[in-house]
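Q: First the structure, then my questions, so here it is.
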Amino acid sequence: MKRYAIYRTASAPASRKLGAVGVALAVAAFLAMRFGLIEADVFVLSLIGAAVIAIATLALAGFACKRIWLRGGPGVSAALTGILFSLTALAAPAVVIGMLVVRPGTQDLSTDRQEPPVLTVLPETAGQPFLGWLDKTLQQHVLPSATDPDGEARAMTDTGADPRFPDIVSRRYRISTAQLHAAGVRAVENLNWTVVDELPPDLHDEATRLQAEGSSRLLGLKHDVALRIRPDPVGALLDVRSRARTPLTELSGNADHIRGVLEEIDSVLLETYGDLSRLAVDETTAEEELQAETVEEPRETVPLPGFKPYFDEDDAPVPGVLGLTDLEG
């Protein structure tokens, strides 16, 4: 009985090996970034390399499947494994690019756009030229057409407010600056952020500041948050600033960091003082809210006492039995 030679394709096992390399590169880059072993530039370039390897693996596995379909022979499992590896290696770059496109944000955001809180402790980080160029390209060419084709989100108001974050504004609290500072310290501790600089209040109504450092849960991306508390006619005025150390965004950005610390402060104040109202600063109505209410309507006449306060005579009239008279005009 004549036996025919079995056709074996070399592209199927090659795609499996190449796909394994792509997965290993993507996983190594993710773990190294998570534990702070590499910079963001190296992380992004590693993901791009893993994506290139994954695309080549996908093409090689597709070619292997086509050859097996036409000529038969083993290698289907190896080609399918290569396809699985390629899709796994492409997942990490797709997630990072998706976060940059779907969740655009700002690298530096504050409740006070005109005079943001000062970051007194600046981290020593290496330059990120590639990531800076990538972020600039996305901001100028990709994000405007993908997320805001009309350009409304990039238009700033006269006060410098960003329409994308209408809730990120300064807030007034009806407590002293010392009490609000203590609540801010407690909120930072609850968020598991590390305090790197603090100016505690010397007096009950002195201005204070607080700076903390946090990291994201997924990639360990660092960000800095500054709290500035100043005296205000109502009580205390709070401004919060959040700045990311890299243009990369994750599941939460600077806006979410500010919202998180404000919500945590509200929770601490509610737990400590009960239902304590706070006011969001609206410059158009701030002066009206802070004006003192008039106790009674203004008088058209000037009230004058109807008696002399002090008398030398013993038979002076008693002030309590005399009324007040108004001097007309």
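Every read-out reported here was derived from the displayed coordinates using simple, explicitly stated rules and does not represent laboratory data. This is a predicted model, so every value here is computed, not measured. In this analysis, Cβ positions are derived from the backbone assuming ideal geometry, glycine residues included, and neighbour counts consider all displayed protein chains.
Q: Rounded to the nearest 0.05, what FRET efficiency do ARG259 and LEU203 have when you use their Cβ-Cβ distance and R0 = 41 Å? Please report the intermediate quantities before stating the final value.
A: On the way: r = 30 Å, r/R0 = 0.74.
Computed FRET efficiency for ARG259 and LEU203: 0.85.
Q: Estimate the FRET efficiency between LYS17 and PHE130 by the formula 1/(1 + (r/R0)^6), using the beta-carbon distance for r and 45 Å for R0, to the nearest 0.05.
A: 0.95
Q: Ok, one more. Would you kindly state how much longer the chain becomes between LEU70 and ALA24 on full extension, computed as 0.36 nm times their sequence separation minus their alpha carbon distance, in nm to one decimal?
A: Details: separation 46, 0.36 × 46 = 16.56 nm, distance 3.19 nm.
Fully extending the segment from LEU70 to ALA24 adds 13.4 nm.
Q: Per-residue HN-Hα couplings for segment 171-188, Karplus 6.51 cos²θ - 1.76 cosθ + 1.60 at θ = phi - 60°, whole Hz, x for Gly and Pro?
A: Residue by residue, segment 171-188 yields 9, 9, 10, 8, 9, 6, 5, 5, 5, 5, 5, 4, 5, x, 5, 5, 5, 5 Hz.
Q: Could I ask something else about it? Per-residue HN-Hα couplings for segment 9-25, Karplus 6.51 cos²θ - 1.76 cosθ + 1.60 at θ = phi - 60°, whole Hz, x for Gly and Pro?
A: 8, 8, 6, 5, x, 5, 5, 5, 5, 5, x, 5, 5, x, 5, 4, 5
Q: Another question about this same structure. Which trypsin sites (Lys or Arg not before Pro) from segment 1-95 combine a DSSP loop assignment with at most 15 other Cβ atoms within 10 Å?
A: Sites meeting the loop and neighbour criteria: LYS2, ARG3, ARG8.
Q: Let me ask something else about it. Taking 8 Å as the Cα distance limit and 6 or more residues as the minimum spacing, I'd like the relative contact order of segment 11-102 as a percentage.
A: Values: 119 pairs, mean separation 41.6, N = 92.
In percent, rounded to a whole number, it is 45.
Q: Tell me whether segment 11-102 comes out rounded, prolate or oblate; compute the Cα gyration tensor, take square roots of the eigenvalues as a ≥ b ≥ c, and use a/c under 1.5 as the rounded threshold.
A: Note, shape of segment 11-102 comes out prolate.
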